[in-house]
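Engineer: Let me give you the structure first, and then I'll get to my questions.
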Amino acid sequence: MRTLPMQPARKSSKNTILIIAAVAVVVGGMSAAVMLLGRKPTDVGMIGMTDVGGLQALADIQAQLRPLRACGVEYGERGRRGKVGSHTDVWVSACENDRFAGVRIAVPTERQVERVAFNLERGSVSEPWKILVDKNQVPFPELERALEQLSPFLAEEVPSRLAQAIEAKLAAHREWQESQAAEPGRRDAAKNSYPE
């Protein structure tokens, strides 16, 4: 039987195209991840929103919410067919120096407003609130009514609820640190528990 000499495998153009496509997908995915990681979660749904916080008609709302020790509030369904957010809960974000994301607070039924979505944002507790709303989706009278209904609730509930959540996170972090500190001793005790 005669054996034929093996020829080196030729790289097909299909393999080259697949490799180039895979690299393009990976690079594109990494670029998108870098862009999204540089944003806050609230920024993703912020396209088309306008800051109306400087309107004189909202000056009382600004005054009522200024003392809050928070830097973000999200309320209402948004996105296509209201897939993101809720009118039954409000998400309150702490300021960065608290190193805490935030807390979800259930809104009493009598204070809920459907089909109104807005975000309140600011960089620190000394700044006025940006009141961000999609003017094409939310009429001003409905926004004003929602803010008037929610502001007293926020002023009353947010300080204690946010403080409790921050304390719970700090307690969990302390417990984790204690567990990590005790781990070497536990390992040594386990290792030395065997008879020789």
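The values are calculated or read from the model by the stated rules, or taken from the named source; none is laboratory data. As the structure is a computational prediction, the values presented were derived from the model and not from experiment. Here the Cβ is made from the backbone with ideal geometry for all residues, glycine too, and neighbour counts use every protein chain on show. We work out accessible area using only protein heavy atoms, side chains counted, and drop any ligands, DNA or RNA first. Shrake-Rupley method; radii C 1.70, N 1.55, O 1.52, S 1.80 Å.
Engineer: Return yes or no: is Ala181 modelled with pLDDT under 90 and either of a type in the set (A, V, I, L, M, F, W, C) or within 19 Å of the chain's Cα centre (by Cα) (or both)?
Structural biologist: So Ala181 passes the test.
Engineer: Among the residues of the range 96-131, write down those that are open to solvent by 30 Å² or more (accessible area, probe 1.4 Å), outside any loop (DSSP other than H, G, I, E, B), of a type in the set (S, T, N, Q) and within 15 Å of Leu150 (Cβ to Cβ).
Structural biologist: Selection gives Thr109 alone.
Engineer: Taking the condition open to solvent by less than 70 Å² (accessible area, probe 1.4 Å) and over 22 Å from Leu65 (Cα atoms), does Ser93 pass?
Structural biologist: It is false that Ser93 is open to solvent by less than 70 Å² (accessible area, probe 1.4 Å) and over 22 Å from Leu65 (Cα atoms).
Engineer: I want to confirm something. Restricting to the range 45-80 and keeping residues that are open to solvent by 70 Å² or more (accessible area, probe 1.4 Å) and assigned to a loop (DSSP other than H, G, I, E, B), which single residue is modelled with the lowest pLDDT?
Structural biologist: Ranking the qualifying residues of the range 45-80, first place goes to Ile47.
Engineer: So, of the residues in the range 144-178 that are open to solvent by 90 Å² or more (accessible area, probe 1.4 Å) and more than 21 Å from Ala101 (Cβ to Cβ), which turns out to be farthest from the chain's Cα centre (by Cα)?
Structural biologist: Glu178
Engineer: Hey, another quick one. Which pairs do you get when a residue that is at pLDDT below 75, found in the range 81-104, comes within reach of a residue that is outside any loop (DSSP other than H, G, I, E, B) and among the β-branched types (Val, Ile, Thr), reach meaning Cβ atoms under 8 angstrom, with the pair 6+ apart or on two chains?
Structural biologist: As it stands, the answer is Asp98/Ile166; Phe100/Ile166, since those pairs meet every condition given.
Engineer: Ok, one more. With out of contact with any strand residue (DSSP E or B) (no Cβ under 6 Å at 6 or more places or on another chain), in a helix (DSSP H, G or I) and either without any contact (Cβ under 8 Å) to a residue 24 or more places away in the chain or among the aromatic types (Phe, Trp, Tyr) (or both) as the only criterion, which of Ala155, Ala146, Ala171 stands out?
Structural biologist: One residue alone meets the criteria, Ala171.
Engineer: Please go through the range 113-125 and give me each residue that is over 10 Å from Cys71 (Cα atoms) and modelled with pLDDT under 90, ordered by number.
Structural biologist: Result: Val113, Glu114, Arg115.
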